[in-house]
1. Could you please give the count of residues in the stretch 138-158 that are outside any strand (DSSP E or B) and either among the β-branched types (Val, Ile, Thr) or crowded, with 18+ Cβ neighbours inside 10 Å (or both)?
2. Would you mind finding the one in Tyr230, Tyr185 that is part of a loop (DSSP other than H, G, I, E, B), modelled with pLDDT of 95 or more, within 22 Å of the chain's Cα centre (by Cα) and among the aromatic types (Phe, Trp, Tyr)?
3. Out of (1) assigned to a helix (DSSP H, G or I); (2) on the phi > 0 side of the Ramachandran plot, the odd one out for Ala313 is which?
4. Kindly indicate the residue of the stretch 114-132 that is closer than 30 Å to Arg278 by Cα and in contact with a Ser or Thr (Cβ under 9 Å, 6 or more places away or on another chain) and also surrounded by the most Cβ atoms within 10 Å (Cβ to Cβ) among those meeting that condition.
5. Tell me whether the stretch 236-244 contains one or more residues that are without any contact (Cβ under 8 Å) to a residue 60 or more places away in the chain, open to solvent by 30 Å² or more (accessible area, probe 1.4 Å) and touching a helix residue (DSSP H, G or I) at 6+ places or on another chain (Cβ under 9 Å).
6. Only one of these is closer than 23 Å to Ile119 by Cβ, surrounded by fewer than 20 Cβ atoms within 10 Å (Cβ to Cβ) and either in contact (Cβ under 8 Å) with a residue 12 or more places away in the chain or β-branched (Val, Ile, Thr) (or both): Asp293, Asp304, Asp260, Asp326. Name it.
7. State which residue is farthest from Thr214 (Cα to Cα) when the search covers only the stretch 14-41 and only residues that are in contact (Cβ under 8 Å) with a residue 60 or more places away in the chain and open to solvent by 40 Å² or more (accessible area, probe 1.4 Å).
8. With a cut-off of at least 3 residues that are touching a Ser or Thr at 6+ places or on another chain (Cβ under 9 Å), name the strands (runs of 3 or more DSSP E) lying wholly within the stretch 241-306.
Amino acid sequence: MIEGAGSIVDAHTVEVTQPDGSKQRHTTKHILIATGSRATLVNIPGKELAITSDEALSLEELPKRAVILGGGYIAVEFASIWKGLGAQVDLFYRKELPLRGFDDEMRTVVASNLEGRGIRLHPGTNLTELSKTADGIKVVTDKGDEFIADVVLFATGRAPNSNRLNLEAVGVEVDQIGAIKVDEYSRTSVPNIWAVGDVTNRINLTPVALMEATCFAKTVFGGQTVKPDYKDVPCAVFCIPPLSVVGLSEQEALAEAKNDLLVYTSSFNPMKNSISKRQEKSIMKLVVDAETDKVLGAAMCGPDAAEIMQGIAVALKAGATKATFDSTVGIHPSAAEEFVTMRTLTRRVSPASKPKTNL
């Protein structure tokens, strides 16, 4: 392990500038780039007053008033964290719902839960200017509204860490945002240089990077030719309560469908909420191909969603059908047993129609 700033000199040489300024060169048969990504700031006046998730993890004190720009994983998760610790949180995002790319029905549930927890949502709203005042940071929106915050978090995306690697000089191709172009085996345009993880901008999740790296190691050093499999990759958003999904959303399934879809949903108040009297329902959903009975996607928003969905992911990876779920004995009392007791069809959807929210 060599600490320093690395760059590629040629197809077989890496130069490392060490903390004391000295430089070392190392030659190798293969080079693997796994430099990840970095949070970006929105280019508006006063952007230097904002922080990213990097700084949010090392604040010296808890903000009493927080403004968050963004509707993705990080924005929703930090909104939940800070609100849970007692801060006033305003969440701004461009779309009608947070978590673009997830199932629309589940996005609606998450938005409702965030509001139920006291987070103030501002859909369809952008920030236009930040300025320092005696009372904090003044935030101006594109609708002309003004807010005062102790901290402003930009969670609007990340950029691949590729710009200081000297890639162009050795012929490694990147796309318009700087993501390294790779083939299905993670090989770049230079045959002995490889790249995995966020720097390639495929599915930017830590376990996916681990899968890509494992496939690289098996292909290059293990005598096996193995490529990553991006089908049915489970993921979770650790808002409160968390959302977790695997497979296709209803919208994705409709876009790909040749047959009708059967949608099963379940909504219930978890037993652990009975003492606190919190009215926050758990929501579960299965999307099934009506012709083959194959389960195409599963989603859950509720306590322990990620723990439950990891097991469901194994079932989908194995090609489970709805009949498989129905014939599985549940564990009682648990939330997870709802996935194997959803017998009543919520709706049947044709590929020619649009999905409807039923929760």
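The values are calculated or read from the model by the stated rules, or taken from the named source; none is laboratory data. The shown structure was predicted, so the numbers you read here are calculated from the model rather than taken from an experiment. No Cβ is skipped: glycine too gets one built from the backbone with ideal geometry, and neighbour counts run over all protein chains shown. These area figures cover heavy atoms from the full protein model, side chains too; ligands, DNA and RNA do not enter into them. Shrake-Rupley method; radii C 1.70, N 1.55, O 1.52, S 1.80 Å.
1. Number of matching residues: 2.
2. Sole residue among the options that is part of a loop (DSSP other than H, G, I, E, B), modelled with pLDDT of 95 or more, within 22 Å of the chain's Cα centre (by Cα) and among the aromatic types (Phe, Trp, Tyr): Tyr230.
3. (2)
4. Ile119
5. no
6. Answer to the selection: Asp304.
7. Leu41
8. Passing ranges, in order: 261-268, 282-289, 295-301.
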